[in-house]
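Undergrad: The structure's right below; bear with me while I get my questions together.
All of the numbers you see were taken from the coordinates with simple rules; none came from a lab. This structure is a prediction, so every number in the text was calculated from the model and none was measured. Positions of Cβ are backbone-derived with ideal geometry, glycine not excepted, and every protein chain shown enters the neighbour counts.
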2 protein chains.
Amino acid sequence: MSRFSLNQASIKYASLEEAVRTTVDAAIPAIGLWREPVAERGLAASAALVRAAGLRVSSLCRGGFFTAPAGPARRHAIDDNRRAIEEAATLGAPTLVLVAGGLPEGSRDLSGARERVRDAIAELEGDALAAGVMLGIEPLHPMYVTDRAVVSTLGQALDIAEQFDARAVGVVVDTFHVFWDPQVLESVARAGATGRIASYQVCDWVTPIATDPLLSRGYPGDGHIDFESITRAVAAAGYTGDVECEIFNQDIWDSPYDEVAATCVARYEELVAPWVRATRGRSG
Amino acid sequence: MSRFSLNQASIKYASLEEAVRTTVDAAIPAIGLWREPVAERGLAASAALVRAAGLRVSSLCRGGFFTAPAGPARRHAIDDNRRAIEEAATLGAPTLVLVAGGLPEGSRDLSGARERVRDAIAELEGDALAAGVMLGIEPLHPMYVTDRAVVSTLGQALDIAEQFDARAVGVVVDTFHVFWDPQVLESVARAGATGRIASYQVCDWVTPIATDPLLSRGYPGDGHIDFESITRAVAAAGYTGDVECEIFNQDIWDSPYDEVAATCVARYEELVAPWVRATRGRSG
């Protein structure tokens, strides 16, 4: 379990303090944080709390939403991402997870939106390098392409990332979002070859798709994903960072936090850990 | 409108006779048929009905469901596809649309299922050639990957199709299923270069995704798809066949058939026809 991390989104209704306590009580060595609960407690206080608890911070979620055309909304997004990079550095998170953003209202121009994602990252590369934080472009499942993330595959995320310094820009491999991709194993290898795997996140693809498709995730083992092949590929690609369990699921959110943490740990140990090399966490 | 075709699924509750009458009354020159309503009326009678109405048959839906492991279910699927090829030939449909099938119950082995799709098509290639029917592998949106179609991208469909005779095996380009793909335009060009575009179908991607995700389609113009870029690519790739409007949507199914046909025609003329070259239909 030395590389396991509980992403805070799996216990969404927990305050930062509750999330930290749940993680520590479950003997989990790392936590993936979200900006909102961190802001609620205050950045410096959050960093101190996590440090005092002896937890690694595996990532900060999330920046991105880069698809607005030139104008105040776009400037606001870039500025907000600069703040997020600083927050990640303060918290000791090696990675800021980026969700690209969907089509602007009324637009049908996917390729234009995709160019604006790249352009925004170009503006942030220097900040990321200076802060020592890797921007992790997270391809989201293509069912979110128009309303949430115009970056839909790992290959596409790498096409963007590879235009930048490998210390500044990488990709996030989330099993839920990429397992379907016929090219996923090659893309993981490609990401590893240039040191671009910023984070590895596990959760399962559950059918039927939930009424709110954002919440259609499950504990590893509850759905259709083969965690062996993808985890083996991530390990073979040289990734030595933490493995986060990040689940958006209403039933899980409604469960006691310690129960969620215990189930995440059990599923990780059964289905993921055997294929993860026993190396220390990236930030450990 | 010389290349427009109304796919029968857009007026799902119509009998074959009603669908033919609706198509003729709307001055649409072609129809895409489904096996169930054809079987209901009888194959020979259906062929005679469509011929007497002066309609081209642009495609027959559908064969496929090839992912069962060796055993009776698999043999049944192959045999059923042989019958479907014969039906397409009898109806004068140049294309039999294939939906790959999802993961077998309890399986998480996507790559094994994908191999079985290819193997099944290998068994059917000779039948397709003999009948003069092209098998059109239809990649379905990745949100259907586990329960309906393990073939998720046009590139993946082409990787399979290109293993076979170009007269026997091609791909179906359905805007709803492929518009999100960052490689869609290159894949369309690749399909055209080897004469592999078996059918071009248009309908829109509407959000939020419907509670039954199969029904999350809309009339062209009601969603987020840019029909210009993809239709231009299909035309530039040399496709001269019919363009089908195939929509699964409960509200549309509950509308009067003539209203649906009229709206499909209007949207086609506005959003698709300007980018289609004025050539005769494949089977015209």
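Undergrad: Residues to consider are A:R82, A:R56, A:R116; find the one that is more than 12 Å from chain B (Cβ to nearest Cβ), without any contact (Cβ under 8 Å) to a residue 60 or more places away in the chain and under 18 Å from the mean Cα position of the chain (by Cα).
TA: The match here is A:R82.
Undergrad: Please go through region B:234-273 and pick out each residue that is in contact with a helix residue (DSSP H, G or I) (Cβ under 8 Å, 6 or more places away or on another chain), surrounded by fewer than 23 Cβ atoms within 10 Å (Cβ to Cβ) and over 21 Å from B:A19 (Cβ atoms).
TA: Passing the criteria: B:A235, B:A236, B:A237, B:G238, B:L271.
Undergrad: Can you tell me how many residues within region A:145-194 are among the charged types (D, E, K, R) and more than 10 Å from chain B (Cβ to nearest Cβ)?
TA: Our first condition is that a residue be among the charged types (D, E, K, R); within region A:145-194, this holds for A:147-148, A:159, A:162, A:165, A:167, A:174, A:181, A:186, A:190.
After this cut, where a residue has to be more than 10 Å from chain B (Cβ to nearest Cβ) as well, the list is A:162, A:165, A:167, A:174, A:186, A:190.
Residues that pass the stated criteria total 6.
Undergrad: Can you say whether B:V97 is within 30 Å of A:V184 (Cα to Cα), in contact with an Asp or Glu (Cβ under 6 Å, 6 or more places away or on another chain) and surrounded by 17 or more Cβ atoms within 10 Å (Cβ to Cβ), as far as the supplied structure shows? Show your work before the answer.
TA: Numbers: within 30 Å of A:V184 (Cα to Cα): yes; in contact with an Asp or Glu (Cβ under 6 Å, 6 or more places away or on another chain): yes; surrounded by 17 or more Cβ atoms within 10 Å (Cβ to Cβ): yes.
Yes, satisfied.
Undergrad: Among the residues of region B:25-53, write down those that are within 21 Å of B:D242 (Cα to Cα) and over 18 Å from the mean Cα position of the chain (by Cα).
TA: B:D25, B:A26, B:A27, B:S46, B:A47, B:A48, B:L49, B:V50, B:R51, B:A52, B:A53 - these are the residues of region B:25-53 that are within 21 Å of B:D242 (Cα to Cα) and over 18 Å from the mean Cα position of the chain (by Cα).
Undergrad: If you don't mind, there's one more thing I want to ask. Is there a residue being assigned to a helix (DSSP H, G or I) and closer than 23 Å to B:P256 by Cα anywhere in region B:47-61?
TA: Within region B:47-61, one or more residues are assigned to a helix (DSSP H, G or I) and closer than 23 Å to B:P256 by Cα.
Undergrad: Let me ask another. Considering each of B:E259, B:E244 in turn, give the residue that is away from chain A (no Cβ under 14 Å), of a type in the set (D, E) and within 27 Å of B:G155 (Cα to Cα). Write out each step before concluding.
TA: On the way: B:E259 fails: within 27 Å of B:G155 (Cα to Cα).
Of B:E259, B:E244, the one residue that is away from chain A (no Cβ under 14 Å), of a type in the set (D, E) and within 27 Å of B:G155 (Cα to Cα) is B:E244.
Undergrad: Considering only helices (runs of 4 or more DSSP H) fully contained in region A:200-273, which possess at least 3 residues that are within 16 Å of A:V178 (Cβ to Cβ) and touching a residue at least 40 places away in the same chain (Cβ under 8 Å)?
TA: A:227-236
Undergrad: Continuing with the same structure: Of everything in region B:174-208, what is over 15 Å from B:E228 (Cα atoms) and in contact with a His (Cβ under 6 Å, 6 or more places away or on another chain)? Give them in sequence order.
TA: Passing the criteria: only B:H177.
Undergrad: Which condition number in (1) surrounded by fewer than 21 Cβ atoms within 10 Å (Cβ to Cβ); (2) within 11 Å of chain A (Cβ to nearest Cβ); (3) within 29 Å of B:S5 (Cβ to Cβ) is the one that B:D109 fails?
TA: If we test B:D109 against (1) surrounded by fewer than 21 Cβ atoms within 10 Å (Cβ to Cβ); (2) within 11 Å of chain A (Cβ to nearest Cβ); (3) within 29 Å of B:S5 (Cβ to Cβ), just (3) comes out false.
Undergrad: Can you tell me which condition B:G126 does not meet? The list is (1) of a type in the set (G, A, S); (2) crowded, with 23+ Cβ neighbours inside 10 Å; (3) farther than 22 Å from A:H141 by Cα, and all the others hold.
TA: It is condition (2) that B:G126 fails.
Undergrad: Let me confirm something: among B:T207, B:T211, B:T231, which residue is within 14 Å of chain A (Cβ to nearest Cβ) and buried (at least 21 other Cβ atoms within 10 Å of the Cβ)?
TA: One residue alone meets the criteria, B:T231.
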